[in-house]
Amino acid sequence: MSLNLEQYVSEFSAQNINGEHLLQLDGSKLKALGMTSSQDRAIIKRKLKEMKASLEKARKAQEKMEKQREKLRKKEQEQLQRRSKKTDKGSSDATEGTNEQ
């Protein structure tokens, strides 16, 4: 509707075309849905291309965030392990000192 193609809404609805299905449509599938105007198909295809590019960009950003989180988790885990080793070493040194007395 935002593309001023309201005349196709009923057919898209009748065919249960949702966002996921919409991204799979090409020119021939659009034509089969009753979109006879090549200009209208071009508008839809251009918008779909933009949407796919936007989705890909968002997916890459999400992957980057996940990698950064994983890297941070590993770093925190390594720090905890180092602290644990220091604590263990400190308590073992204290125990040895008590045993020597």
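Read the figures in this text as sums done on the coordinates, not as results from a lab. What you are looking at is a predicted structure, and each value in this text was computed from that prediction instead of being measured. Cβ coordinates were reconstructed from backbone atoms using ideal geometry, including for glycine residues, and neighbour counts include every protein chain displayed.
Placing a pseudo-label 7 Å from each Cα along the Cα-to-Cβ vector at residue 88 and residue 71 gives an inter-label distance of 2.9 nm.
Calculated from the structure at hand, mean projected area of the Cα convex hull in nm² is found among (1) 10.0; (2) 8.9; (3) 6.6 as (1).
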